[in-house]
1. Which net charge results when you count Lys and Arg as +1 and Asp and Glu as -1 among the other residues whose beta-carbon is under 15 Å from that of ASN754?
2. Would you mind checking LYS182/LYS406; LYS286/LYS320; LYS871/LYS993; LYS144/LYS286; LYS182/LYS609; LYS182/LYS286 for any pair whose Cα atoms are more than 21 angstrom apart?
3. Multiplying the sequence separation of PHE845 and TRP656 by 0.36 nm and subtracting their Cα-Cα distance, what value in nm do you get?
4. How many angstrom lie between the C-alpha centres of the stretch 52-97 and the stretch 350-382?
5. Is the shape of the stretch 199-243 best called rounded, prolate or oblate, per the rule: a/c under 1.5 gives rounded, else a/b larger than b/c gives prolate, else oblate, with a ≥ b ≥ c the square roots of the Cα gyration tensor eigenvalues?
6. With a sphere of radius 12 Å drawn around the Cβ of GLN372, what net charge do the other residues whose Cβ falls strictly inside it have (Lys, Arg +1; Asp, Glu -1)?
7. Test of understanding: ordering LYS993, LYS609, LYS182, LYS998 by Cβ neighbours within 10 Å, fewest first, what list do you get?
8. Taking neighbour counts of Cβ atoms within 10 Å as a proxy for exposure, in what order, fewest first, do ARG302, ARG906 appear?
Amino acid sequence: MKNHGNCTVLFFLILAVWLVPTSAFAQTAATITGTVADSTGAVVPGAQVIITNAGTGQSRTLQTNNVGRYYAPALNPGSYQVEASSAGFQAVVHSGITLTVGAEAVINFTLNPGQVAEKVEVVGEAPLVQTTSASVAELVGEQKIRALPLNGRSFDQLILLQPGINVAAGAGSSPNQGRGIKFSANGARLTSNYFMLDGTDINDSQNFTPGGAGGQQFGVESILEFQVLTHNQGAQYGRSMGAVINAVTRSGTNTFHGSLYEFLRNSKLDAKNFFDRPTEPIPPFKRNQFGATAGGPIVRDRLFLFGNYEGFRERLGVSKNALVPDQDARRGILPGRPPISVNPAVVPYLALYPLPNGPSTGGGIGRYLFSQSQPTRVDYGTARVDWNPRETDSFFGRYTMDDSSKLRREDPNHVLGLFAEDEKHRNQFATAQWTHTLSPRVLNIVRFGFNRSVTLVDLAKLGNVPDSLSFIPGRPIGRMGVSGMSACCATINDPRYFRMNNFQPSDDLSINIGRHAVKTGFLVERFQWNTENWNRFQGDYNFDSLESFLLGRVLSVDFPLPGSEPNRGIRATLFGTYIQDDFQVTSRLTLNLGLRYEITTVPIEVNGKMSFLDNPLDTTLDKKQPFEGNHRNFAPRFGFAWDVRGNGKTSVRGGWGMYYDQILMNQFLNLFDRTPPYWQTARLGAGAPFPNPLTAPNLRAQVSAQTAVRDDYQTPYMYQYNLTVQREILPSFVASVGYVGSIGKHLIQRFDGNTPVPIRQAGGTLFIPAGAPRRNPVWPGMQTRRLAGFSTYNGLQVSVSRRFSQGFQLQGVYTYARSIDTSSGLFSEEAQNAATGAQIPDQLFNEKALSNFDIRHSAILNFNYELPFGKSLSGVARQVFEGWELGGITTLSGGIPLTVENSGNRSRHLASGADFADRPNLAPGASNNPTSGVTTGCAFDTTSIAAGRKLGTPDLWFDPCAFVPQPLGTFGNLGRNTVIGPGIATVDFLVNKHFRIKEGRELSFRAEFFNVFNRPNLAPPLLATRRIFNNAAVGRLVGSAGAIQQTNTTSRQIQFGLKYVF
């Protein structure tokens, strides 16, 4: 525990230096700043500035300093009035200033001689052009949150409207790695984003987007607005090197307000999915979302309450597109091959696969199309209390709960419908905050947050699967994976239980000194992760082809031995401290200068269930922590903002910063729950008995060692830099053009660290002979983590936006970018379009390629328009013609890359599971992205592709003939992520009719159309169809190679909503 002691000493040294502990000054609030001058331009020190919230009546009184500057941080978003006065001058009042989350509004005053009682009124919005910060950020305001069409009413969909954000179309969805939307921000990984609600962390237990069983982030009616900071955040932000999603909840005001609403979806309004059978009805689908909000004063100007409840009930018909053996294959008749005798032991398992009812995909395999109902329930609620006992103090407390369940039938392992996952989620987030004004120039915020995220998943048997077919006596049937076919029957990871408690005390201090706005503070996050993560509990058989399956010729089988248990209690603590100085060098130039320091303690298992290798060549395990800590995590930040002409209309902003990705549970979970002697598995290779692996002779445990390469185990970090020009081109219209770049270093990678050492042959070819021993013969596969990954991102980002004014708002963004890395994540749920392991562990840099989430072009347009008709009418005519509103979101983006691989271990490197990566050769003269034109045809052993078949179709997205199986024992020359998958083009549209009942009350009816043109946005080929060659001596092409099985977006769907607002 010496490491923990060092962390504590270092923490208190920092505490002494900064006079306060460590933090992240969470910009959940806004700032008003400016100068007060007289009519000659001379500054007016000591002028009184009063800032008043129009909704709550709360005010703050300040004085300008010796350079005539005032600075008011930590203001709640809302509408404000600012008054400046000084003896001998007329008072000036600016009203109608709307502050948004994270905004810094510059409101300057010019005072003319006169009496203070004489007031000059100025009405106008805060400036649109950012002239004080170099951060790359976009606001998603209240109008967008509640007016744009959202399928499922999940506000995190609006994150994807921002430049530099790429949705990870190839990412999976599982309880392990979260149900929420997964996205990359400017080349950062999917786990590198930081979600904050009212200033506290709400990331899920695996550090992904928070979301319940349905995957949505509810709160459309309780979120006031949120800011998406994608690059060059100030030193007050840490923990992650991706985007910061900074949301604030609504609060009560002096006016009682609320709403009642219900939204309805039904399959009778929808179009068929592309893969639904044309002659069958649309799979049944019913969804109801309903709820209410209410807020108002308990004590006027002092005490306020706001609450929201939302319910979600869904019965979704899930379209299934399984790849199954056809009738001939069941008799041992495969195209181009002599008949074979089907192994009698295989027959009852073959019967679990239904016969195809759709087109053939070749190789004795066809599509089986059907649907199943998938029920989901969500109950979401939030309550917030605000108390302003005096001008110098304000308090608020907020509690949010998201309780949900789902019988999940959409997992690719459950495509046959025999099993489902019974999921239960409960996320609870609480925040308490005290804001105290110590003096007109000093303000402090004390905050405490609590995040409890619970996920419980059990296996539910749906089909008629006899218990006698179980691989392991006393357990349900396991999984069978057959290359070219859909998996049967149950997923390998159930049951699994995750419980996280995250305690978050923090403090932030803000001081206005002359031209300096200084912030400093601390954040502590104490993590408690309690997990029970089973793996291959029922057994996992793999076959490299349909023929092998029919013969009962096993490629491998994995299963835990009796007595193995994965219960773990993991603990870690994050400390962070910073100082940030926003230095106004002149009235036109501001420098953002910051330094952050962060450490996270090395995780421990509270019951001592830790055993790791200190060195990959060690022969015994040590009961110790998985890696050494790193205490050198200093992160400097620099930025500048130049108001070119001094009128707030044009700015040039740029910056550079260093950002760390703290090592949290998502990066080391399997290092703990797969460690012997607490967890022991057996792996049997070719020749293993089927279907009863326990009957194998000389069965013994494979004690899979876990290791982290310690000589370079450093905290991952990223250099971020940008240069942006922003211009107000018309009133309320702003355009910006920017370059955004980053370099990531020491990114975590996984691979099997105990593969055989290849022999370098004449000419430089690496070769592994048959039967070659592993590097360390004491151990089998060795799941290894190494922080040697690398990434680069370069992007052009263009945006045009119009602030909501006169009933109209518009935002358009375009991103042209390229993201490259050596690894894009650790788990298959982060990307099903490429391997997570490395083909040659000694040559990790050979994995350098397009990131799994790279998208070259992306353009998104969203708008809301309240039609100006009927306002001059009265009576029935006014009700008919007034109050119409239109809105929409148009998304156009390129496809993500995918990797063509072998289904068998042709290289003989012996890696398996998530560590497996084995690529073929590129055929001479062929394109490594063969997705257009027609195939020239090819034959491999007894399998073939007919010439003339069109490429870029669901049945043959890429040309398998562009690749050839490499000689056994060698590594293919094909790179990672060379094939580009299908792009996305979709239009969502909204029509909303508002009926004004009386002042302050209205009823609205809305119709939302998702994918209004019903374009089939195809997903890229999944694992079963992008792994195309087995490990036979000459290499055989698997059936369905290059085929697509699902879509990325829904077919056209229509939603109706009714809402009463008061």
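Coordinate-derived values only; no laboratory data. Note that this is a predicted model, so its numbers are computed, not measured. Every residue, glycine among them, receives a Cβ derived from its backbone with ideal geometry; neighbour counts consider all protein chains shown.
1. +3
2. LYS144/LYS286; LYS182/LYS609; LYS182/LYS286
3. Going from the current span to full extension adds 65.4 nm.
4. The stretch 52-97 and the stretch 350-382 have Cα centres spaced 61 Å from each other.
5. Cα axes put the stretch 199-243 in the oblate bin.
6. +2
7. Placing the least packed residue first, the sequence is LYS998, LYS993, LYS609, LYS182.
8. Result, fewest neighbours first: ARG302, ARG906.
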